[in-house]
Amino acid sequence: GMSAKEFGILQKCRHPCVGYHPDSGSNTTNSTHAQDSIKTKWAKSWQNLANEMESLKELAKFISPYHGFIDLNYFDEENANSPPSFNSSNNNQPQYPKIVSPYLLLRNLIKPYTHPNVIDIKMGTQTYEPSAPKSKRIRESDKYPSQSEIGFRIVGMRVYDPSCGSEDGYRYWNKSFGVSLTKREEVLDALMVFFNCKRNGGDVSYAKLILVEMVSELKKIKAWFEMNTTLAFYASSILMVYEGSNEALSSELKKGECEDPILKMIDFAHVCRQEGGDGGYLKGISNLLAMLEEVLEKLRV
């Protein structure tokens with residue numbers, strides 16, 4: 001945007017007597033320079049906007065597909081299938097109800113899987129915006145002091161294991177588990193558990209295939225953050241999903257319909273503009289990538 005001084009110059013240039021200043025006589029040269037300066041700034045602003053739009057298009061590849069929004073106040077069981085009413089006095093334009101509770105409508109990433117294994121990883125060296133009040137900054141920092149060093153934390157995960165004895169066949173790890181992982185080795189061990197790398201000498205070929213896919217996707221996201229200079233993603237997460245049922249996997253392989261693992265960015269309630277980009281997120285994704293590559297290397301030995 002323009003400063004107040006520049007805006008004043010623009011107003012002068014729009015005056016009918018462009019180039020004339022009552023105190024100094026003819027000033028056409030200075031006015032022309034001012035116009036050129038403004039045109040240059042506007043051109044730069046538009047170019048920056050165009051660059052950002054291209055950057056966001058690239059970012060969209062790492063996010064669950066968007067399908068519009070839904071108003072939960074309107075789309076309840078009673079009128080979910082009701083079409084909007086028409087008012088003949090308004091050129092037959094559809095009269096939609098007032099939006100009260102809008103929610104983004106994104107694709108359900110785990111729907112294609114029979115028994116999806118899922119992990120939610122909160123990224124970045126801090127989980128609060130710079131404008132957050134001191135009380136929130138202290139509270140968020142105290143949740144997981146290692147966040148600033150590791151650059152991410154495991155919020156929760158579940159792994160399908162029919163032998164565990166649970167009602168749904170899953171083993172769960174919640175937020176308390178994630179914040180208990182204070183050392184790099186502990187985080188590494190948790191990632192190995194999620195990818196079923198510890199099978200008492202069993203076959204880990206599937207785990208290696210999954211890890212190769214996850215590493216590939218993380219590298220693409222890392223490359224985006226290395227180019228990003230305008231946005232920060234506070235309290236945002238990365239979601240990883242893959243098929244956890246060996247039976248379902250075997251059946252899909254026979255049909256040639258095996259679902260690929262998924263890695264997507266989620267949670268964007270605290271995205272904001274920040275000069276220089278997001279070094280905290282970049283540090284986290286670099287550390288996560290290094291850990292997954294280390295796990296993969298262990299399985300290849």
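The values are calculated or read from the model by the stated rules, or taken from the named source; none is laboratory data. Please read these numbers as outputs of a predicted model, since none were measured by experiment. Virtual Cβ from ideal backbone geometry, glycine too; neighbours counted across all protein chains shown. Surface accessibility is based on the protein's heavy atoms, side chains included, excluding ligands, DNA and RNA. Shrake-Rupley method; radii C 1.70, N 1.55, O 1.52, S 1.80 Å.
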Determine whether Arg184 is in contact with a Cys (Cβ under 9 Å, 6 or more places away or on another chain) and either open to solvent by 50 Å² or more (accessible area, probe 1.4 Å) or without any contact (Cβ under 8 Å) to a residue 12 or more places away in the chain (or both).
no
When you go through Lys264, Lys208, Lys222 one by one, which is the residue that is touching a helix residue (DSSP H, G or I) at 6+ places or on another chain (Cβ under 7 Å), of a type in the set (D, E, K, R) and farther than 30 Å from Ala132 by Cα?
Lys208
Out of Glu294, Glu257, Glu243, which single residue is closer than 21 Å to Asn117 by Cβ and without any contact (Cβ under 8 Å) to a residue 24 or more places away in the chain?
Glu257
Can you pull out every residue in the stretch 96-120 that is among the hydroxyl-bearing types (Ser, Thr, Tyr) and farther than 30 Å from Tyr242 by Cβ?
Tyr96, Ser101
Scanning the stretch 98-119 for residues that are within 13 Å of Ile262 (Cβ to Cβ) and β-branched (Val, Ile, Thr), which turns out nearest to the chain's Cα centre (by Cα)?
Ile119
Restricting the search to the stretch 141-181, which residues are in a helix (DSSP H, G or I) and surrounded by fewer than 17 Cβ atoms within 10 Å (Cβ to Cβ)?
Ser141, Asp142, Lys143, Ser148, Glu149, Pro162, Ser163, Cys164, Lys175, Ser176, Phe177
Within the stretch 187-203, does at least one residue satisfy the condition of being of a type outside the set (A, V, I, L, M, F, W, C) and open to solvent by less than 30 Å² (accessible area, probe 1.4 Å)?
no
Could we say that Ala223 is surrounded by fewer than 19 Cβ atoms within 10 Å (Cβ to Cβ), small (Gly, Ala, Ser) and modelled with pLDDT of 95 or more here?
yes
State all residues of the stretch 251-300 that are part of a strand (DSSP E or B) and open to solvent by less than 70 Å² (accessible area, probe 1.4 Å); if no residue qualifies, say none.
Ile262, Leu263, Lys264, Met265, Ile266, His270, Val271, Cys272
